[in-house]
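Here the structure is laid out as structure tokens; the discussion comes afterwards.
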Amino acid sequence: MSNNNNFYSKVYNAVRRIPKGKVSTYGQIAAMCGSPKAARIVGGALHNNPEPIKIPCHRVVNRFGGLAPEFAFGGRQVQRELLESEGVEVSDDFTVNLSVYLWDGE
């Protein structure tokens, strides 16, 4: 379990860096944490987010810009509201235009 805890800590630290008005993908976060094939584990870490306000997991979307249908903190409508409150436009099909809003990791 300590390996998972260590990876989860890396995930939370990476997600904290995503600025308001931007999103990242699960795969991008996995790559930033040194495990580019661990996108699903990133999702698990975010589903178990111990500090949803301090760790802005709502800023993480899938590789197509899709919001999480099972967003742990109220469903994708809540994720949409949180993103829109930060200036991220979410389309009617619950996707974000990654060419506009994807964080470059800097």
Checklist outcome for this item: Tilt, helix 2-16 to longest principal axis of the chain (alpha-carbon atoms), in degrees rounded to tens, equals 30 degrees
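Of the peptides 13-23, 44-54, how do they stack up when ordered by the mean number of other Cβ atoms within 10 Å, highest first? Write down the numbers at each step before the final one.
Numbers: 13-23: 16.6, 44-54: 15.1.
Packing order, densest peptide first, comes out as 13-23, 44-54.
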Checklist outcome for this item: The set of residues whose placed amide H lies less than 5 Å from the amide H of GLY66, leaving out same-chain residues fewer than 5 positions away, is VAL96
Checklist entry - Cα axis of helix 76-85 to longest principal axis of the chain: angle in degrees, 0 to 90, nearest 10? => result 70 degrees
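Multiply the residue gap between ILE53 and ARG40 by 0.36 nm, knock off their C-alpha separation, and tell me the result in nm, one decimal place. The partial results should precede the final answer.
Details: separation 13, 0.36 × 13 = 4.68 nm, distance 2.14 nm.
Gain in length upon complete extension: 2.5 nm.
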Next on the checklist: Show log10 I(q)/I(0) for segment 2-101 at q = 0.18, 0.23 Å⁻¹, two decimals, from a solvent-free Debye sum over equal Cα scatterers.
Outcome noted: -0.75, -1.24
Next on the checklist: Tell me the relative contact order for the chain as a rounded percent, counting alpha carbon contacts under 8 Å between residues six or more apart.
Outcome noted: 28 percent
Checklist outcome for this item: Summing -39500 (n - 2.57) over every DSSP H run of at least 4 residues in the chain and dividing by its residue count gives a helix-only mean residue ellipticity at 222 nm, to the nearest 500 deg cm²/dmol, of -12000 deg cm²/dmol
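Here, each number is a calculation from the coordinates, and none is a lab measurement. From a predicted model like this one, the values you see are computed outputs, not experimental measurements. As a convention, Cβ positions derive from the backbone with ideal geometry for all residues, glycine included, and neighbour counts pool all protein chains shown.
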